[in-house]
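S.K.: Structure in structure tokens, see below.
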Amino acid sequence: MDPKYIGSMIPLGNVAPPGHTSPVDHIYFEANTDGHIPLYAPADGWITHVMANSTKKDANSDYVFDSYVVTYTICDGLVLDFAGYVDVNQSLKDELAKHSDECKSGITKVGHDDAGERQCDYQNLNFKVTSGEEIGYTERTKTADGGYNLPFEIWTADYNLPSPAQTDWSYYGDERYAHNYCTFDLYSGDLKNQFDAKFGSYNTQAIKNSDGTMSPGTPEFVQRTVAPVCGTLDQDVVGTLQGMWFSHKPDKSDKSGNVGASGQGISFIHNNIDPAKGEVVVGGELSNNIAGTLEFDPAHSGLINREPSEVKADGQIYCYPGHIQTLDAQNNSFDGKILVQLVDNHHVKVENQSGTCGANEAFKTPYNFSR
């Protein structure tokens with residue numbers, strides 16, 4: 001995508017529970033213009049896989065493709081997945097028509113409002129593309145709350161590189177996690193600098209009017225300035241609380257999603273825009289169906305809001321107080337605390353309780369997570 005169309009790029013490691021309790025392995029794009037935004041082949045290579053989604057039907061009640069995920073193989077082992085194509089060019093459509101497809105209807109995915117009523121999977125393609133060749137387009141659209149969608153997403157995996165050894169990747173149902181790579185580290189010079197300057201997000205602070213009502217404020221771009229500006233996916237630190245914890249390993253025969261994207265876990269990490277901020281990300285498995293993100297300023301001593309990388313298996317119960325949105329039918333909020341104890345390198349106990357953090361915290365019915 002031409003940088004002039006990009007408002008911002010949300011770095012790796014974003015969270016949005018319950019759908020994304022584990023830091024996400026892809027980059028989201030915020031566009032700054034309406035209408036068609038052209039999308040180009042990122043380099044000489046091959047389109048090797050296309051997932052075509054249908055959420056609409058025509059006058060004959062036939063499904064009509066309205067979004068595409070396009071996979072580029074740049075060289076053996078270097079694979080880029082681009083999601084958000086509203087349409088693709090005719091030559092690619094003609095190529096797809098030559099191949100048999102595997103289609104499934106009624107597709108749903110935890111944490112996604114609409115993952116496509118029908119998906120058609122075109123595999124083992126070998127469609128040659130040239131760097132800069134226009135492949136299709138995306139578009140920014142209004143959302144129900146008056147904002148805009150995130151029209152484009154990119155995953156990059158380099159299977160030639162070893163996966164980080166500190167993490168047990170068998171907990172993840174998607175091999176891309178273990179081989180994640182920052183897409184824009186593949187660029188250099190002025191173009192890379194233009195992209196790197198886009199990493200961050202727009203934060204709109206509401207304005208309180210004189211009559212007590214609230215109005216949207218002017219969006220302010222908050223740039224990520226901490227290296228790597230592309231963000232960090234894997235935050236696990238062995239022997240500490242920091243990182244992602246799971247309730248169980250994924251069923252890899254279930255292709256509807258993976259543990260990291262289904263809310264089946266909890267993470268103690270740092271924010272992907274401002275890494276100085278700590279986050280407890282709850283996927284919805286604690287009591288009262290609590291799901292949300294509790295943000296805190298890490299402390300480097302004591303048992304309250306302790307920096308996750310400093311929490312060890314010392315027998316102590318640590319406490320994180322704050323506000324979390326719940327998923328119950330009344331859409332209530334939870335003001336209380338998250339209690340946590342690192343049992344050993346692979347097990348942790350967690351419980352949410354009401355009230356404030358005290359001097360002698362104790363579990364009642366803790367939940368167990370592992371990694």
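The values are calculated or read from the model by the stated rules, or taken from the named source; none is laboratory data. Quantities reported herein were computed from a predicted structural model and do not represent experimental measurements. Backbone-built Cβ (ideal geometry, glycine too); neighbour counts: all protein chains shown.
S.K.: So, in the range 107-120, exactly how many residues are within 23 Å of residue 27 (Cβ to Cβ) and at pLDDT 80 or above? It would help to see each step written out before you state the result.
M.R.: At the first step, the residues of the range 107-120 found to be within 23 Å of residue 27 (Cβ to Cβ) are 109-116, 119.
Subset that is at pLDDT 80 or above: 119.
Total satisfying the criteria: 1.
S.K.: Output the residues belonging to the range 222-237 that are among the small types (Gly, Ala, Ser) and surrounded by 18 or more Cβ atoms within 10 Å (Cβ to Cβ). Before the answer, list the steps.
M.R.: Kept after step one, since they are among the small types (Gly, Ala, Ser), are these residues of the range 222-237: 227, 231.
Across the range 222-237, the qualifying residue is only 231.
S.K.: Separate question: So which residues in the range 242-276 are at pLDDT below 95, over 17 Å from residue 24 (Cβ atoms) and touching a helix residue (DSSP H, G or I) at 6+ places or on another chain (Cβ under 6 Å), if there are any at all?
M.R.: 249
S.K.: While we're here: Could you check the range 312-353 and list, in sequence order, the residues that are farther than 22 Å from residue 241 by Cα and either modelled with pLDDT of 95 or more or hydroxyl-bearing (Ser, Thr, Tyr) (or both)? Break it down stepwise before answering.
M.R.: Step one: filter the range 312-353 for residues farther than 22 Å from residue 241 by Cα, giving 325-335.
Residues satisfying the conditions are 326, 333.
S.K.: Going residue by residue through the range 281-300, is there one that turns out to be loosely packed, with under 14 Cβ neighbours inside 10 Å, at positive phi and not basic (Lys, Arg)?
M.R.: Within the range 281-300, none of the residues are loosely packed, with under 14 Cβ neighbours inside 10 Å, at positive phi and not basic (Lys, Arg).
S.K.: On to the next question. How many residues are assigned to a loop (DSSP other than H, G, I, E, B) and surrounded by 20 or more Cβ atoms within 10 Å (Cβ to Cβ) if we restrict to the range 151-166?
M.R.: Here the count works out to 1.
Every residue, every condition in (1) surrounded by fewer than 22 Cβ atoms within 10 Å (Cβ to Cβ); (2) charged (D, E, K, R), yes or no:
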{"residue": "2", "(1), (2)": "yes, yes"}
{"residue": "13", "(1), (2)": "no, no"}
{"residue": "27", "(1), (2)": "no, no"}
{"residue": "31", "(1), (2)": "no, no"}
{"residue": "40", "(1), (2)": "yes, no"}
{"residue": "43", "(1), (2)": "yes, no"}
{"residue": "47", "(1), (2)": "no, no"}
{"residue": "52", "(1), (2)": "no, no"}
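S.K.: Oh, and also: I'd like to verify a number: residues in the range 175-196 that are in a loop (DSSP other than H, G, I, E, B) and crowded, with 20+ Cβ neighbours inside 10 Å, how many?
M.R.: Within the range 175-196, the subset in a loop (DSSP other than H, G, I, E, B) is 175-176, 181-182, 187-188.
Checking which are crowded, with 20+ Cβ neighbours inside 10 Å leaves us with 181-182.
Of the residues in the range 175-196, 2 are in a loop (DSSP other than H, G, I, E, B) and crowded, with 20+ Cβ neighbours inside 10 Å.
S.K.: Can you report the number of residues in the range 281-318 which are out of contact with any His (no Cβ under 9 Å at 6 or more places or on another chain), without any contact (Cβ under 8 Å) to a residue 60 or more places away in the chain and not acidic (Asp, Glu)?
M.R.: Number satisfying all stated conditions: 12.
S.K.: Cβ-Cβ distance below 9 Å, separation of 6 or more or different chains: which pairs start in the range 80-99 with a residue that is hydrophobic (A, V, I, L, M, F, W, C) and end on one that is assigned to a helix (DSSP H, G or I)?
M.R.: Here the result reads 80/183; 80/186; 88/96, each pair linking the range 80-99 to a residue that is assigned to a helix (DSSP H, G or I).
S.K.: Under the condition of being at pLDDT 95 or above, in a loop (DSSP other than H, G, I, E, B) and not small (Gly, Ala, Ser), which residue from the range 127-150 is farthest from residue 77 (Cα to Cα)?
M.R.: Top of the filtered list is 133.
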